[in-house]
Every structure is written in structure tokens, then in C-alpha cells.
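Colleague: Have a look at this one.
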Amino acid sequence: MGCSRRRSSASGTAWCGVLAMAIAVLAAAPPAIGAQTTPVVVAHLDVSNLAGDWYEVASTGTWWHRRCVADTRYAFDLPQRGSLRATSVCSTREGVARFRGRLRAGRSGGGRLSIRFTPAIFAWLPATWSDFWVLDAGADLAWLLVGDNRRERLLVLSRAVSLDEAAFAQALAAARRQGYDPDRLARVPHPAGATGLLPGR
């Protein structure tokens with residue numbers, strides 16, 4: 001840095017000291033979790049074990065649910081070659097909206113799943129699939145923490161229409177450890193209850 005040439009100047013010596021201290025602080029600071037290459041997902045996950053109904057407890061928002069205001073829920077069924085039929089339903093300001101698509105397993109056999117809610121004829125287009133990465137899960141898959149590769153989207157899903165606060169806090173802590181911002185999550189109300197808007201099969 002050329003600091004040795006400036007030792008004859010008091011101001012130069014002070015500048016070098018400040019610079020050296022700043023470099024030392026930066027070198028000692030651990031890298032930000034959000035700067036890591038990819039989030040860590042559940043290591044072993046059989047996608048068929050996700051079959052059934054799931055309720056969205058909290059979400060940062062998804063493009064396919066952008067009109068939803070309440071009662072957002074999913075149904076995964078009809079296992080087929082490492083994938084499940086995905087059906088989602090929610091309440092909007094205009095009424096009830098339904099979406100149909102597919103949830104598929106990743107090649108690694110872990111939690112890097114992907115989901116689409118577009119017609120099957122577009123399934124070959126990579127852009128139609130969104131990350132559905134299972135970052136953490138409760139005992140017996142009672143709840144799921146789902147995120148994306150860029151740490152922009154986050155979902156908390158539950159097998160029950162509501163999730164107890166201890167489990168929800170556990171999900172938030174897991175998200176924070178992975179570099180996501182759980183403060184961006186918005187709770188999803190379910191005035192229709194457990195069975196009011198279950199997706200039709």
C-alpha cells in the first residue's frame with residue numbers, strides 16, 4: 001500500500017494506522033450468510049411423503065398467489081415418477097382462485113424441489129418452474145420451511161390450518177440462520193377454516 005514511504009509525515013502515519021485497522025477488521029469478520037453460494041436444504045426427502053394438504057401459514061409472496069388475500073393452501077397428490085400433482089386454492093377479492101401444476105423432486109434426492117402452476121405443455125421450459133426448496137421441516141413433516149435459491153421468497157407451510165407459536169418460531173430461526181429475512185413474512189389468515197376451500201381433486 002506504500003505506507004512505509006509516508007512514515008515521515010504524521011498524517012501519513014495516522015492514515016496508515018487507520019487503513020491497517022480497517023483491513024484487520026474486515027479480515028476477521030465472518031462472511032455474510034447471505035453471500036454463500038446456495039442455501040442448505042433438507043438432505044433426504046422423498047417427495048411422495050409431501051402428499052396431502054398443506055396450509056400456508058406465512059409467506060413473502062409468490063407470483064402465482066399475487067391476488068390471494070386469505071386461505072392459501074396446497075394439495076399434493078397422484079405420485080408419478082418423482083413428482084406430485086400440485087393444486088392450490090385461495091380467496092381473492094373476486095372470489096376463489098384455483099391453480100393446477102406439478103411439484104417435482106430434484107436430482108439429488110434432497111430438498112431441492114421445484115414447482116410450476118402453468119399448463120403441462122410448457123413444462124419443458126425451465127422458466128416455468130420455481131424453486132421450492134425445503135430448508136427445514138418439523139417432526140413427522142408437520143411443517144415445512146420453503147425458500148428459493150436467491151433468498152427472496154420464503155414460505156412456512158403446515159399440515160394443520162394453524163401452527164403453534166413454538167414451531168413457527170423454530171421455522172423463523174431456521175430461516176434467519178440461512179440468511180433469509182423472516183421479517184418479510186406476512187401471516188396468512190384462514191377464515192374458511194380447515195376444510196372450507198380444500199382444493200378439488
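The values are calculated or read from the model by the stated rules, or taken from the named source; none is laboratory data. As the structure is a computational prediction, the values presented were derived from the model and not from experiment. Note that each Cβ is placed from the backbone with ideal geometry, even for glycine, and that neighbours are counted across all protein chains shown.
Colleague: Would you point out which residue out of Ser91, Ser59 is touching a strand residue (DSSP E or B) at 6+ places or on another chain (Cβ under 6 Å), under 17 Å from Gly147 (Cβ atoms) and in the same structural domain as Pro182 (by TED's automatic domain parsing)?
Modeller: Ser59
Colleague: Would you call Ala105 in contact (Cβ under 8 Å) with a residue 24 or more places away in the chain and either out of contact with any strand residue (DSSP E or B) (no Cβ under 9 Å at 6 or more places or on another chain) or in the same structural domain as Trp63 (by TED's automatic domain parsing) (or both)?
Modeller: It is true that Ala105 is in contact (Cβ under 8 Å) with a residue 24 or more places away in the chain and either out of contact with any strand residue (DSSP E or B) (no Cβ under 9 Å at 6 or more places or on another chain) or in the same structural domain as Trp63 (by TED's automatic domain parsing) (or both).
Colleague: Examine segment 91-100 for a residue that is among the acidic types (Asp, Glu), under 26 Å from Ala192 (Cα atoms) and crowded, with 19+ Cβ neighbours inside 10 Å, and state whether such a residue exists.
Modeller: Among the residues of segment 91-100, not one is among the acidic types (Asp, Glu), under 26 Å from Ala192 (Cα atoms) and crowded, with 19+ Cβ neighbours inside 10 Å, which makes the answer no.
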